[in-house]
Amino acid sequence: MNLDAATTIRSIHRLVGVIGLVVGLAVLVGGGHWIHHNHLDEFLANPAMADGQIAENQRVDSYRHGFRTGTSYRAIAKFTDLRGETVLYRDWISLNPPAYFVGQHVTILYDPQDSRAAMIDRGAKNYYLPLFLAVFGGLAVLGSVQRLRMARS
């Protein structure tokens, strides 16, 4: 391999390594911020739990360019927090068909300091997003560090 080709390959490794490092760190830091901002870390680490009941499946219509493209349903759960206040929680996920039926009992995880910050306990699925962000961001950082090391040799 001639000197120009080796220099070009090192430059490509360096460029891809820097871009991957930025993307990986953005996923780790941005995902961590999003998880903290939405109280997911509190729900998983130290939640208050309450028995809730699905009060309604709210219809959510999706539109694109003025035309309805789909319909999904967002669960609205009612629960009583530790202070005895009744709280209505609107799930942030909407699905078709609905994930729950009206009247179904569900476990609600919520922040004891702010019972409006809540989520429906979905068991192991609660960990899917944090795990995905950690694995994707971590692999991007590790792969980028490897590429940057290759660019040095």
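The values are calculated or read from the model by the stated rules, or taken from the named source; none is laboratory data. This one's a predicted model, so the numbers in the text were calculated from it and none came from an experiment. Every residue, glycine among them, receives a Cβ derived from its backbone with ideal geometry; neighbour counts consider all protein chains shown. Side chains are part of the model used for accessible areas, which takes the heavy atoms of the whole protein and leaves out ligands, DNA and RNA. Shrake-Rupley method; radii C 1.70, N 1.55, O 1.52, S 1.80 Å.
I want to confirm something. Restricting to segment 79-132 and keeping residues that are open to solvent by 40 Å² or more (accessible area, probe 1.4 Å) and in a helix (DSSP H, G or I), which single residue is farthest from Gly31 (Cα to Cα)? This residue is Ala124.
Quick grid of which residues meet (1) within 30 Å of Asn126 (Cβ to Cβ); (2) modelled with pLDDT under 90; (3) out of contact with any Asp or Glu (no Cβ under 8 Å at 6 or more places or on another chain):
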{"position": "Arg10", "(1), (2), (3)": "no, yes, yes"}
{"position": "Arg14", "(1), (2), (3)": "no, yes, yes"}
{"position": "Ala26", "(1), (2), (3)": "yes, no, yes"}
{"position": "Asn38", "(1), (2), (3)": "yes, yes, yes"}
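Which one is farthest from Ala117 (Cα to Cα), of the residues in segment 45-54 that are open to solvent by less than 50 Å² (accessible area, probe 1.4 Å) and out of contact with any Pro (no Cβ under 7 Å at 6 or more places or on another chain)?
Taking segment 45-54 as the starting set, the residues that turn out to be open to solvent by less than 50 Å² (accessible area, probe 1.4 Å) are 47-48, 50, 52, 54.
Pick out the ones that are also out of contact with any Pro (no Cβ under 7 Å at 6 or more places or on another chain) and you get 47, 50, 52, 54.
Working: Pro47: 11, Ala50: 13, Gly52: 14, Ile54: 17 Å.
Per the stated criteria, the residue is Ile54.
Scan segment 63-75 and give yes if some residue there is at positive phi, at pLDDT 90 or above, exposed (fewer than 15 other Cβ atoms within 10 Å of the Cβ) and of a type outside the set (Phe, Trp, Tyr), otherwise no. Among the residues of segment 63-75, not one is at positive phi, at pLDDT 90 or above, exposed (fewer than 15 other Cβ atoms within 10 Å of the Cβ) and of a type outside the set (Phe, Trp, Tyr), which makes the answer no.
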